[in-house]
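S.K.: Could you have a look at this structure, given as structure tokens, before my questions?
Bear in mind these aren't lab numbers, they're just calculated from the coordinates by the rules spelled out. Since the structure is predicted, the reported quantities are computational estimates derived from the model, not experimental observations. As a convention, Cβ positions derive from the backbone with ideal geometry for all residues, glycine included, and neighbour counts pool all protein chains shown.
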């Protein structure tokens, strides 16, 4: 859609003989003259004109999108399972079965908010997997090969639930992600366990050791303004984060000098750099860790938990999570910690049957040696 | 009979066994060198795991080299003597081969035990940060299995005739030829990848060598 807006804008600007505001007054050097008040007023008028055309282009693009949506919807099948609505073209795609599997999970996760899905359909364009004809990409909806199995299709439905996006605060806190049902909770918690043990941050270490306040810091739900310094408490940690994790990103432009100072041992330079970049870039735990916390809060809070989570977008994330879970944020963080610690991943060593398989191969190769006919040939 | 064979095997391969035993004992200890300090900074965890992982690459290399060298020394005297000694013994061939195999396998226990001892010592003396654990027994068991698998593979290859070697080489050549033809014909066929998956993933014969060899891990 963004592309079509730009195209429309381009057409309007290029072909816009009627845009009087485009007649730039040029100075002898070829640059627009802005020295006088009149020039400024003219430039402002042109900017307004451009903004007007931008709004028109947006309106046209929205119209194109809605027509496209209507076109897709018009000649298609509609599948409804619970509030889940899927609009698709006729195909062998097992959408009803997948929806029947996905709906209980979605309903359980979003609770009463899941009802809103009745008005927000999935649009799925089933595509023949055997055709070699290249078809234009659909403007709206998801293109799926129609030989996809039910499990993969269920996965797709769960990862692309067309529920309204949460507010920007929650999205940013999650690292740009949205609130989705967990598809492999045990695996996700195991991954967080590894982060908790290996992240070069004192906050994660102390959280692992049982300090709930540090868990709040590590999850970035504390109310401390200098949370970055709470994540990386010693000068060595700060230097390590700046030089090892962010060195490549900071080694250019005006940040090059403070980076060199930081690497040389200047803690103030390290702090300056840490505070100059977006917080999300230096969080000790990845977005997945915060998603496990949200999932836990929703699980503990019951059917209305998601509704409570998104109900007050102006409140701090910690307050919203506590409201969703129906318990204090400290209790929630403690519960989260114990769940993560209970999901210690199994070490990458041998699969349970590995030793027997290896011994089987030993027996096989020994038997090969036994059958050798060197003596007879000799 | 087994004692005589074992003694012979020891004579031929003692240098290899002794060197591998020393290496097997030293490797785990060297891999946790940095962890001997008492400092428990979060930064140490990353460094420790990094070091353990880097040194861990050497376990499968040592296991494969040890299996190869011992298998070669097991058969070398027989090949040199054109099997006259073996044929002069009042033993069926299968029993002779089993005795040969067993004598080599028994000697391989020394490096495997050295890895176990080194691993136990290393994890016992190192300061392991909270959240991490030592896996000395699992590592030593894996090393022992890898050594025996490598030994069995190379033992079978060494026991084979020139014809067997020809057949194996012919099979490999055939796979390469088919792959080349498939590439020329623009067919979507990748035999190398499939073979690699078959051989290096469980339950493939060389799967024991792949993956991370971590003495200390989460």
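S.K.: Provide the packing ranking of B:47-58, B:78-89, B:111-122, i.e. peptides ordered by the mean count of other C-beta atoms within 10 Å per residue, highest first.
M.R.: The packing order, highest mean first, is B:111-122, B:47-58, B:78-89.
S.K.: Taking 0.36 nm per residue of separation and subtracting the Cα-Cα distance, what length does fully extending residue B:85 through residue B:137 add?
M.R.: Taking 0.36 nm per residue and subtracting the Cα distance, the gain is 14.7 nm.
S.K.: Another question about this same structure. Quick one: work out the % antiparallel among DSSP beta bridges in region A:77-159, nearest 5. Show your work: numbers first, answer last.
M.R.: On the way: 5 of 12 bridges.
If we restrict to bridges inside region A:77-159, about 40 percent are antiparallel.
S.K.: Other chains near B:151-162: what is the mean number of their Cβ atoms within 10 Å of each residue's Cβ? Can you show the working numbers first?
M.R.: Values: counts 3, 11, 7, 2, 6, 9, 4, 3, 9, 6, 7, 2.
For peptide B:151-162, the averaged partner shielding equals 6.
S.K.: Would you calculate, for chain B, the mean residue ellipticity at 222 nm contributed by helices, counting each DSSP H stretch of 4 or more residues as -39,500 (n - 2.57) and dividing by all residues, to the nearest 500?
M.R.: Theoretical 222 nm ellipticity from helices: -26000 deg cm²/dmol.
S.K.: Once you order the gyration tensor axes a ≥ b ≥ c over the Cα atoms, which shape class does region B:80-208 get: rounded for a/c under 1.5, otherwise prolate or oblate by comparing a/b with b/c?
M.R.: oblate
S.K.: Based on the Cβ-Cβ distance from residue B:187 to residue A:140, what FRET efficiency comes out when R0 is 41 Å, to the nearest 0.05?
M.R.: 0.65
S.K.: Among B:96, B:7, which comes first, then next, by fewest other beta-carbon atoms within 10 Å?
M.R.: Lowest count first: B:7, B:96.
S.K.: To the nearest 10 degrees, how steeply does helix B:93-125 sit against the main Cα axis of chain B, on a 0 to 90 scale?
M.R.: Roughly 10 degrees between the two axes.
S.K.: Expressed as an acute angle from 0 to 90° and rounded to the nearest 10, what is the orientation of the C-alpha long axis of helix B:191-200 relative to the principal long axis of chain B?
M.R.: 70 degrees
S.K.: For residue A:249 and residue A:59 in the same chain, what is the full-extension length gain: residue separation times 0.36 nm, less their Cα-Cα distance, in nm? Before the final figure, lay out each step's value.
M.R.: Numbers: separation 190, 0.36 × 190 = 68.40 nm, distance 3.86 nm.
Result for the pair: 64.5 nm of gain on full extension.
S.K.: Give me the distance in nm between label points sitting 7 Å out from Cα along the Cα-to-Cβ direction at residue A:268 and residue B:196, one decimal.
M.R.: Here the modelled spin labels are 5.3 nm apart.
S.K.: Also, I was wondering about something else. What nm value, rounded to one decimal, do you get for the distance between residue B:30 and residue A:108 when each label is placed 7 Å out toward the C-beta?
M.R.: Using points 7 Å along Cα→Cβ, the separation is 5.2 nm.
S.K.: Comparing B:106, B:178, B:45, which has the greatest mean-square fluctuation in the GNM of chain B with Cα pairs linked when under 10 Å apart?
M.R.: So, out of B:106, B:178, B:45, the one fluctuating most is B:178.
S.K.: Can you give the FRET efficiency for residue B:127 and residue B:22, using 1/(1 + (r/R0)^6), R0 = 22 Å, r = Cβ-Cβ distance, to the nearest 0.05?
M.R.: Result of the calculation: an efficiency of 0.30.
S.K.: On a 0 to 90° scale, report how tilted helix B:58-80 is relative to the longest principal axis of chain B, with both axes built from alpha carbons and the result rounded to the nearest 10.
M.R.: Its long axis makes an angle of about 20 degrees.
S.K.: Antiparallel as a % of all DSSP beta bridges within the protein assembly as shown, to the nearest 5?
M.R.: Antiparallel bridges make up about 55 percent of those DSSP assigns within the protein assembly as shown.
S.K.: Could I have the simple spin-label model distance between residue B:14 and residue B:167, label points 7 Å from Cα toward Cβ, reported in nm to one decimal?
M.R.: Output for this residue pair reads 3.8 nm.
S.K.: Calculate the FRET efficiency for residue A:370 and residue A:151 from the Cβ-Cβ distance with a Förster distance of 45 Å, rounded to the nearest 0.05.
M.R.: Efficiency at R0 = 45 Å is approximately 0.50.
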